[in-house]
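Undergrad: Would you mind keeping the following structure in view while I ask a few things?
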Amino acid sequence: MSTNDNATLGKDIGLTSCPTCHKVTCGKSSNCSRCDSPLKIRDYASIQKSWALLITAAILLIPANIYPITTLTNQGRVTQDTIFSGIAHLVKTDMIPIAIILFTASILVPILKIVGLTIYLSAISFKLPISKKKLMSGFHIIEWIGRWSMLDLFVISLTVAVVNMGQLLDAKPAPAATAFALVILLTQLAAKVIDTRLLWDRLEAKDDSSTNA
Amino acid sequence: MEAADNSITLCQSCDLVIRKRALPTGVRALCPRCHTPLYDTPYCSINGMLALCLTAVFFFAPANLYPVLELEFLGSIRTTTVLEGALAVYQQGYWLVGVAVLVSAVLAPGLLLVSVLAQILIIKFGLHSRKLKKTLKQLLKMQGLLTQLTMLEIYVISFLVAAFNLADFATVSFGFGTFCFTMLFIMTLFLMREYDLEHMWSFLDEHQ
């Protein structure tokens with residue numbers, strides 16, 4: 001378990017790693033010697049960008065959940081389903097496994113992503129003393145699981161395409177679909193723009209070895 | 001400077017300086033501080049990748065053009081393909097949703113396969129040409145984005161969810177496209193397991 005904690009950082013010895021191709025280059029050059037991507041030793045503005053994207057996503061999460069996401073016409077009777085009522089309907093008709101998948105992908109994951117990123121960004125912005133290792137593994141989980149929210153949109157697109165029989169049986173997307181798509185897009189971007197090296201820099205000064213002795 | 005560059009690496013997530021060591025196959029080096037994967041010994045056989053890539057390309061067209069879902073309701077039958085699914089939402093005015101579906105299920109996987117195929121062909125036959133090397137560099141730079149946008153695995157699950165959802169109203173069955181799409185997903189999955197971006201860059205480094 002013991003790893004040397006008097007860590008040398010790339011920026012201490014004047015090296016920086018290219019975000020695109022991972023080549024280690026001299027920190028003074030402005031572009032990567034291998035792929036010409038712009039280099040930055042640290043991207044301090046990334047925290048602000050990420051906050052902005054995250055707050056927008058959090059606001060959009062409200063319309064995404066309270067407005068209907070699909071409109072279904074079944075033999076002349078029109079019903080509108082929100083994300084939640086759609087899942088509740090699945091539970092009622094005893095399709096528990098599908099309900100669990102959809103609940104995870106469309107409700108749990110977006111909320112966890114927004115809460116998780118808020119904690120992560122607060123830890124950097126307000127120097128909260130939270131274990132860096134836990135934050136980082138949480139971040140990797142968020143990065144990986146975030147894309148699964150797309151599941152609901154795929155299901156809607158398939159349903160809309162196949163269920164089009166006018167008054168008999170007809171499914172159409174409803175306003176929450178766009179809001180939901182934006183939530184996914186913005187949270188994915190918010191996670192992508194963060195320069196995670198800042199977390200390890202900022203907390204270093206205060207609690208270096210207390211979290212992982 | 002150049003000698004030191006190859007023996008050390010920096011963690012992408014926390015900027016820790018790490019001295020590279022030779023690893024046995026199947027082992028991945030993690031950052032000791034933040035546990036981000038750093039590097040592994042690539043099992044990156046160019047010919048194996050070419051075979052997988054060609055198979056995936058072979059399945060790409062039928063996966064997108066044959067029906068993936070068939071619905072029978074009171075005697076009338078409706079079918080849809082992956083492409084029609086994206087266009088249907090688009091035509092209802094939800095263009096953002098349509099574009100999202102189109103990009104992550106059709107465009108990104110297609111471009112990814114074409115890009116990997118081009119990379120393999122350039123590495124096999126075209127590394128002497130300056131122009132092709134430049135193309136390879138551009139393709140490698142886009143690779144990360146294309147991989148992230150490709151969501152075939154999620155689409156495969158969405159067939160099942162949609163089928164169960166609709167089974168409530170009507171008779172649902174899968175089409176030939178479902179088979180092709182699943183094969184496309186499996187081939188792409190194995191291709192991307194074989195693919196190693198750092199290894200691909202190293203071909204370019206060797207021919208500077």
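Every read-out reported here was derived from the displayed coordinates using simple, explicitly stated rules and does not represent laboratory data. In this text, all values refer to a predicted model and were calculated from it rather than measured experimentally. Counting neighbours? That spans all protein chains shown, and the Cβs are built from the backbone with ideal geometry, glycine included.
Undergrad: Going by the alpha-carbon gyration tensor, a ≥ b ≥ c the square roots of its eigenvalues, is segment B:1-81 rounded (a/c under 1.5) or, if a/c is not under 1.5, prolate (a/b greater than b/c) versus oblate?
TA: Cα axes put segment B:1-81 in the prolate bin.
Undergrad: Compute, for segment A:69-175, the length of the dipole vector about the Cα centre, with Cβ point charges of +1 (Lys, Arg) and -1 (Asp, Glu) only. Units Debye, rounded to 20. Present the calculation step by step, with values, prior to reporting the outcome.
TA: Details: 9 positive and 5 negative charges, 112 e Å.
That gives a dipole near 540 debye.
Undergrad: Now for a separate question. Report, in debye and to the nearest 20, how large the dipole of segment B:1-41 comes out about its Cα centre when Lys and Arg carry +1 and Asp and Glu carry -1 on their Cβ.
TA: Computed about the Cα centre, the dipole is about 200 debye.
Undergrad: May I pose another question? Enumerate the calculated ³J(HN,Hα) couplings along segment B:83-100 in order (Karplus 6.51 cos²θ - 1.76 cosθ + 1.60, θ = phi - 60°), each rounded to whole Hz, writing x wherever the residue is Gly or Pro.
TA: Once rounded to whole Hz, the list reads 5, 4, x, 5, 5, 4, 5, 4, 5, 6, x, 8, 5, 5, 5, x, 5, 4.
Undergrad: While we're on this one: Can you list which of the chymotrypsin sites (Phe, Trp or Tyr not before Pro) found in segment A:76-136 are DSSP loop residues with at most 13 other C-beta atoms within 10 Å? Intermediate results must be reported in sequence, preceding the final value.
TA: Numbers: sites: A:PHE84, A:PHE103, A:TYR120, A:PHE126; in loops: A:PHE126.
Listed in order of number, the matching sites are A:PHE126.
Undergrad: Right, here's the next one. Once every DSSP H run of n ≥ 4 in the protein assembly as shown is given -39500 (n - 2.57) and the sum is divided by its residues, what mean residue ellipticity at 222 nm do you get, rounded to the nearest 500 deg cm²/dmol?
TA: Values: 17 runs with 236 residues, N = 421.
Per the formula, -18000 deg cm²/dmol.
Undergrad: Shape of segment A:31-78 from its Cα gyration tensor (a ≥ b ≥ c, root eigenvalues): rounded if a/c is under 1.5, otherwise prolate when a/b > b/c, or oblate?
TA: Oblate is the answer for segment A:31-78, as a/c is 1.5 or above yet b/c matches or exceeds a/b.
Undergrad: Inside 10 Å of the C-beta atoms of B:33-40, what's the mean count of C-beta atoms belonging to other chains?
TA: 4
Undergrad: Something else about it: When we measure straight from the Cα of A:LYS133, which lysines land under 19 angstrom away, once same-chain ones fewer than 8 places off are left out?
TA: List returned: A:LYS113, A:LYS192, A:LYS206.
Undergrad: A further question follows. So for the pair A:GLN48, B:ILE77, with labels modelled 7 Å out along Cα→Cβ, what separation do we get in nm?
TA: Using points 7 Å along Cα→Cβ, the separation is 6.0 nm.
Undergrad: Over chain A, what is the relative contact order in whole percent, taking alpha-carbon pairs under 8 Å and six or more residues apart?
TA: Numbers: 270 pairs, mean separation 61.5, N = 213.
Worked out over chain A, it gives 29 percent.
Undergrad: Give me the net charge for the shell around A:ILE47: Cβ to Cβ below 14 angstrom, other residues only, Lys and Arg +1, Asp and Glu -1.
TA: +4
Undergrad: Can you give the relative contact order of segment A:134-194 as a percent, counting alpha carbon pairs under 8 Å and 6+ residues apart?
TA: Details: 25 pairs, mean separation 26.0, N = 61.
Relative contact order here is 43 percent.
Undergrad: Which whole number gives the average count of other chain Cβ atoms within 10 Å of the Cβ atoms across peptide B:69-80?
TA: 4
Undergrad: For a protection proxy built on the mean count of beta-carbon atoms within 10 angstrom, sort B:194-207, B:58-71, A:145-158 highest first, please.
TA: Highest mean packing first, the order is A:145-158, B:58-71, B:194-207.
Undergrad: Can you list the HN-Hα couplings for segment B:115-120, worked out from phi with the Karplus curve (6.51, -1.76, 1.60; θ = phi - 60°), rounded to whole Hz and with x for Gly and Pro?
TA: 5, 5, 4, 4, 4, 4
Undergrad: Taking amide H positions as placed in the peptide plane 1.01 Å from N, state which residues far from B:THR150 in sequence (5 or more) or on other chains have amide H under 5 Å from it.
TA: Result for B:THR150 returns nothing.
Undergrad: How much FRET efficiency would the formula 1/(1 + (r/R0)^6) give for B:ARG193 and A:ASN74, where r is the Cβ-Cβ distance and R0 is 56 Å, rounded to 0.05? Provide the component values of the computation, followed by the final result.
TA: On the way: r = 44 Å, r/R0 = 0.78.
For R0 = 56 Å, the calculated efficiency reads 0.80.
Undergrad: Taking R0 as 41 Å, what FRET efficiency do you get between B:SER7 and B:VAL103 from their Cβ-Cβ distance, rounded to the nearest 0.05?
TA: My answer for the efficiency is 0.55.
Undergrad: Still on this structure, I have one more. Hey, can you grab everything whose amide H is under 5 Å from the amide H of A:MET165? Only 5+ residues off in sequence or another chain; H modelled, so Pro and N-termini drop out.
TA: The list, which skips near neighbours in sequence, is A:ASP170, A:ALA171.
Undergrad: Along segment A:39-53, what does the Karplus equation 6.51 cos²θ - 1.76 cosθ + 1.60 (θ = phi - 60°) give for ³J(HN,Hα), rounded to whole Hz, x for Gly and Pro?
TA: Going residue by residue, I get 10, 9, 5, 9, 9, 5, 5, 4, 5, 4, 4, 5, 4, 4, 5 Hz, with x marking Gly and Pro.
Undergrad: Another question, then. Can you pull the mean other chain C-beta count within 10 Å for peptide B:152-163?
TA: That average works out to 6.
Undergrad: Pairs A:LYS23/B:LYS141; A:LYS23/B:LYS131; A:LYS23/B:LYS137; A:LYS40/B:LYS141; A:LYS23/B:LYS124: which exceed 19 Å Cα-Cα?
TA: A:LYS23/B:LYS131; A:LYS23/B:LYS124
Undergrad: What residues qualify as long-range amide H neighbours of A:THR70, i.e. H under 5 Å apart, gap of 5 or more or another chain, H built at 1.01 Å from N?
TA: For A:THR70, whose amide H was placed from the backbone, the distant partners under 5 Å are A:ASP81, A:ALA174.
Undergrad: What order do you get for B:97-105, A:85-93 when each peptide is scored by the mean count of other beta carbon atoms within 10 Å, highest first?
TA: B:97-105, A:85-93
Undergrad: Among the Cys residues of chain A, which have no other cysteine Cβ under 4.7 angstrom away?
TA: Among the cysteines of chain A, those whose Cβ sits 4.7 Å or more from every other are A:CYS26.
Undergrad: Please say if the protein assembly as shown is rounded, prolate or oblate, where rounded means a/c under 1.5 for a ≥ b ≥ c the square roots of the C-alpha gyration tensor eigenvalues, and otherwise the choice is prolate for a/b larger than b/c and oblate otherwise? Please report the intermediate quantities before stating the final value.
TA: Values: a/c = 2.47, a/b = 1.48, b/c = 1.66.
Taking the square roots of the gyration eigenvalues as a ≥ b ≥ c, the protein assembly as shown is oblate.
Undergrad: Compute, for segment B:45-206, the length of the dipole vector about the Cα centre, with Cβ point charges of +1 (Lys, Arg) and -1 (Asp, Glu) only. Units Debye, rounded to 20.
TA: 760
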